[in-house]
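Trainee: Attaching a single structure in structure tokens format; questions to follow.
The values are calculated or read from the model by the stated rules, or taken from the named source; none is laboratory data. If you're wondering where the values come from, they're calculated on a predicted model, not measured in any experiment. So basically every Cβ, Gly included, is an ideal-geometry build from the backbone, and we count neighbours across all protein chains shown. Side chains are part of the model used for accessible areas, which takes the heavy atoms of the whole protein and leaves out ligands, DNA and RNA. Shrake-Rupley method; radii C 1.70, N 1.55, O 1.52, S 1.80 Å.
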Amino acid sequence: MGIKAVVFDLDDTLYLEKTYALSGFKAVDQWVRDRHGAGGFYETAASLLHSGVKTLIFNRTLEQLDISYDERLIAELVEFYRSHRPDIALL
């Protein structure tokens, strides 16, 4: 059986992964403002990321903003984050 695929991890090669994450946080910030009337998602999530947090950022951000959530809301935020049109540039 021959090679069927070759996969390359290009994070931080073509563009910085952190730049993509921050772009996604900005998009989610607007989503949260529109649906929950609460600001600060971007600033809070970015602060967590810059401090080294890489897991459960959406959960932790919503907790810090005192927004109640369930797994459905987290799934919606993750989907919106993943499908946003990123504001990034090639290195």
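Trainee: Report, by chain and number, residues whose modeled amide H sits under 5 Å from the one on TYR15, excluding near sequence neighbours (fewer than 5 apart, same chain).
Mentor: LEU91
Trainee: Please give the peptides 81-91, 33-43 ranked by average Cβ packing (other Cβ atoms within 10 Å per residue), highest first, as a rough proxy for protection.
Mentor: Working: 81-91: 11.5, 33-43: 14.2.
By packing density, highest mean first, the sequence is 33-43, 81-91.
Trainee: Round to a whole number: what % of the accessible area of the chain belongs to carbon and sulfur, probe 1.4 Å?
Mentor: Looking at the chain in its full context, I get 52 percent from C and S.
Trainee: State log₁₀ I(q)/I(0) for the chain at q = 0.20, 0.21 Å⁻¹ as given by the Debye formula over alpha-carbon point scatterers of equal weight, solvent excluded.
Mentor: Taking Cα atoms of the chain as identical point scatterers yields -0.95, -1.03.
Trainee: Turning to a different aspect of this structure: Residue-wise, which Karplus ³J(HN,Hα) couplings in Hz belong to the range 34-39, taking 6.51 cos²θ - 1.76 cosθ + 1.60, θ = phi - 60°, and x for glycine or proline?
Mentor: Whole-Hz 3J(HN,Hα) from phi for the range 34-39: 5, 9, 10, x, 10, x.
Trainee: Could I ask something else about it? Please give the length that would be gained between ASP34 and LEU16 if that part of the chain were fully extended, namely 0.36 nm times their separation in residues minus their C-alpha to C-alpha distance (nm, one decimal).
Mentor: 3.7 nm
Trainee: Let me ask something additional. Mind checking which lysines have their C-alpha under 25 Å from LYS18, skipping anything on the same chain fewer than 8 residues away?
Mentor: Excluding near neighbours in sequence, the set is LYS26, LYS54.
Trainee: Could you work out how far helix 71-83 tilts from the main Cα principal axis of the chain, as a 0 to 90 degree angle to the nearest 10?
Mentor: 50
Trainee: Let me ask another. Which value, in Å², gives the accessible area per residue of the chain when a 1.4 Å probe is used on the protein heavy atoms?
Mentor: Details: 6490 Å² over 91 residues.
Per-residue accessible area for the chain comes out at 71 Å².
Trainee: What is the projected area of the convex hull of the Cα atoms of the range 7-57, averaged over all directions, in nm²? Walk me through the numbers on the way to the answer.
Mentor: Working: hull surface 17.2 nm².
Projected over every direction and averaged, the Cα hull of the range 7-57 covers 4.3 nm².
Trainee: Then there's this: Can you tell me how much longer the chain between VAL7 and ILE88 gets when fully stretched, taken as 0.36 nm per residue apart minus their C-alpha distance, in nm with one decimal? Before the final figure, lay out each step's value.
Mentor: Details: separation 81, 0.36 × 81 = 29.16 nm, distance 2.20 nm.
Length gained between VAL7 and ILE88: 27.0 nm.
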